[in-house]
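Working notes for the structure below.
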Amino acid sequence: MSARGRAIAAVALRSGASAAWRSGFGLRPRAERRRAVARALRLACEALGPTFIKLGQLASVRPDLVTPEMVFELERLQDRVPAVPVDAIRDVIRRELGAAPEHLFASFDPEPIATASIAQVHEATLAAPYRCVNGRLLEAGARVAVKVVRPGVARLIADDLAVARRWAERAERIRWLARWGPNALLREFESSLARELDLRVEGRVGDRFAFDFADDPLVMVPAVVWTHTTRSVLTSEFVDGWLLSELGEAERAGIDARALATHGAEVFMRQVLVFGRYHADLHPANLIVTRDGRIGYIDFGIAGRTTPPQRQAIAQVLVATAYGDAERALRASRALGLEVPEAVEPALRSGVARLMRAHLARSPADVRGFVTGFLGLLAEHRIAIPEGYGMLVKALVTVEGVARAIDPDIDLIEASKPFTTRLVAAQLLRPERLRERLPAALRAALAELMA
Amino acid sequence: MRDVLRFLAAWALVHESADEGWRAAVTRGAGLSPGDLERGPDDFVDGLAALVDAEKERLKRDLAADGGGVAPTEGASDRRDADLTAALEAVRFDLAELRGRIESLQTSVDALHAERDD
């Protein structure tokens, strides 16, 4: 076994022992045991560095793969690491962009403004004007953020994944582990990690997001400077403003944070239901309230997609959920790939109705509580969660968390009701749908009258 | 069964009366001059009926001229313009995105050249 393999094994063993201790060697209640395992896993990911932190972050948006306890524990992963010395960052920029930052930019701040396990960000100013994809001109001297992949991180991830591949092979031969499909799971994580390491993908997703919301004056997406962007360097417009933790200051400056929170919820609905592309990692650090009162979206590393039929079904699920109609919500969920065996359907329906009454019928609604209960219910009935469904459900909870960070009283369900209702009404009144459904509706109405 | 027939007869009667009422409103409305609102809301409704009837006749003519297809009316033309503008914007974006990709690739090529020359 390689030295790295041994180090990983040692951390895994320590974490396993810690989880066993905290769960009373399996004697504590189930939820407590699951929480103990989730916590041990989060600490292990943090101890093992970038690959595992990233894997943990990817798992935290996938309730279709891990338990709800794991999802909500892994989203707390601390991705703060010491900064890489600026000379090493200069080397990456020189290798990637062909010249030292001092020659490429009018100014380059050697102090990073953000550091994370995969990349760190430095502020700079443009040496020459640049016409962005959206047609806007960034003047010479414009402030930009230069995100640089940490040197050596790709090698480290490749080595870690080689170890993980060997372990996945072994796990595939153990029956109770094989049901998770470790090989397939690892391949999926590998491709997600590869996408995250290629900063051009993030830049393109951001540009597309900006195009989708070009008509929304309250949405700000930093434009990418493609002449200064490659696989390992992403240069984009600087977003100046307040983090969600600094909103007090923003409000003192006259920003209407509540209106922004409601608008942010609608922006999310438009991403999912209209454009079919959404920011799936919308945690507070990826949102900035700009000085002119807009919502700045950054870091498009994890994005989700929805197809037109899925969008139609999601709108139906959301409206049914908003109006507390468990039966309709489950029926529409089927179109999203949720397969509910006939035998468990009544129990699931009444469970969902109970959760709706407990979490959504109050003001403000508690989407997180509802989703946690719902995922638990699906696990209890051994119902597999389709990938897109899981990611979307988690994104919805994250949006609620972010909206609450801005306005603690916001009711995501109430805020999204007008939009989703309008959308479903528009879907129902489409001429082709009317043509398709009207004869049946008239026959049903006549049958009812003649009954 | 008799109840159902009675219901359908009532429906036909309502339809017939509405039709007669509609024709009368169109005739009354056609006789009004613009801004003529002596009878208040009734004149307004009659005028509106006459306008809708005129539009209906125009639509009939358009349909006949188009051999059954719907010829572009003013609203349809606006919609087509909006669709064309949206399509143009989408193509413009694709083109700009492509430019971005090429700029990024060019930077990588230049960087490799610079590295080789060092």
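The values are calculated or read from the model by the stated rules, or taken from the named source; none is laboratory data. The structure displayed is predicted, hence computed values, not measured ones. Counting neighbours? That spans all protein chains shown, and the Cβs are built from the backbone with ideal geometry, glycine included. These accessible areas exclude ligands, DNA and RNA; they are computed on the full protein's heavy atoms, side chains included. Shrake-Rupley method; radii C 1.70, N 1.55, O 1.52, S 1.80 Å.
Descriptive notes on the structure:
- A:Val144 long-range amide H proximity, modeled H, under 5 Å: A:Ala124, A:Thr125, A:Leu126, A:Phe238
- Where chain A is the region considered: accessible area per residue in Å², 1.4 Å probe: 48
- Buried surface for the A/B pair, taken as the accessible area of each chain alone minus that of the pair with a 1.4 Å probe, is close to 1600 Å² in total.
- Euclidean distance of C-alpha centroids, segment A:1-78 and segment A:114-141, integer Å: 37
- Distant-in-sequence amide contacts of A:Ala303, defined by a placed amide H-H separation under 5 Å and a gap of 5 or more residues or a different chain, comprise A:Ala280.
- Per residue, the convex hull volume that the Cα atoms of the protein assembly as shown enclose (Å³): 252
- Where Rh is the Kirkwood radius over Cα pairs, Rg/Rh for segment A:301-371: 1.01
- The Rg/Rh ratio of segment A:242-432, with Rg taken over Cα atoms and Rh as the Kirkwood radius over Cα pairs, comes to 0.98.
- Lys, Arg +1 and Asp, Glu -1 on Cβ, resulting dipole of segment A:242-432 about Cα centre, debye, nearest 20: 400
- For the protein assembly as shown, lysine pairs separated by 8 or more sequence positions, or belonging to different chains, with Cα-Cα distances below 27 Å total 4.
- Phi angles across segment A:22-27 convert, under the Karplus curve 6.51 cos²θ - 1.76 cosθ + 1.60 with θ = phi - 60°, into 3J(HN,Hα) values of 5, 9, x, 6, x, 8 Hz, Gly and Pro given as x.
- Integer Hz, Karplus 6.51/-1.76/1.60 couplings in order for segment A:302-313, x for Gly and Pro: 10, 10, x, 10, 9, 8, x, x, 5, 4, 4, 5
- Taken about its Cα centre, segment A:53-131 carries a charge dipole of roughly 220 debye when the Cβ of each Lys and Arg holds +1 and the Cβ of each Asp and Glu holds -1.
- Calculated FRET efficiency, A:Arg166 to A:Val81, Cβ-Cβ distance, R0 = 25 Å: about 0.45 to the nearest 0.05.
- FRET efficiency for A:Arg328 and A:Glu266, using Cβ-Cβ distance with R0 set to 30 Å, rounded to 0.05: 0.85
- Surrounding net charge for A:Pro364, when Lys and Arg each add one and Asp and Glu each subtract one, Cβ distance under 13 Å: -1
- Long-range Cα-Cα pairs in segment B:72-118 (distance over 15 Å), rounded percent: 65
- Annotation: amide H of A:Val133 within the under-5 Å range of A:Val224, sequence separation 5 or more or interchain, hydrogens built in the peptide plane.
- Extension gain for A:Lys417-A:Ala12 works out to 141.3 nm (0.36 nm per residue, less the C-alpha to C-alpha distance).
- Of the accessible area of chain A, computed with a 1.4 Å probe over protein heavy atoms only, carbon and sulfur atoms account for 57 percent.
- Per-residue mean of C-beta atoms belonging to partner chains within 10 Å, peptide B:102-113: 5
- Cα gyration tensor category, rounded, prolate or oblate, for segment A:1-79 with a/c compared to 1.5: oblate
- Listed peptides A:360-370, A:114-124 by packing density, highest first (mean Cβ within 10 Å): A:114-124, A:360-370
- Rg(Cα) / (2.2 N^0.38 Å) computed for segment A:80-238, rounded to two decimals: 1.25
- Relative contact order, percent, chain A [alpha-carbon distance under 8 Å, six or more residues apart]: 13
- Whole-angstrom gap from segment A:376-396 to segment A:229-276, using each part's C-alpha centre: 27
- Compared with the direct C-alpha span, the chain from A:Phe275 to A:Arg175 gains 31.9 nm at full extension, assuming 0.36 nm per residue.
- ³J(HN,Hα) computed for each position of segment A:95-105 - Karplus, 6.51 cos²θ - 1.76 cosθ + 1.60, integer Hz, glycine/proline x: 5, 7, 10, x, 7, 6, x, 5, 8, 8, 10
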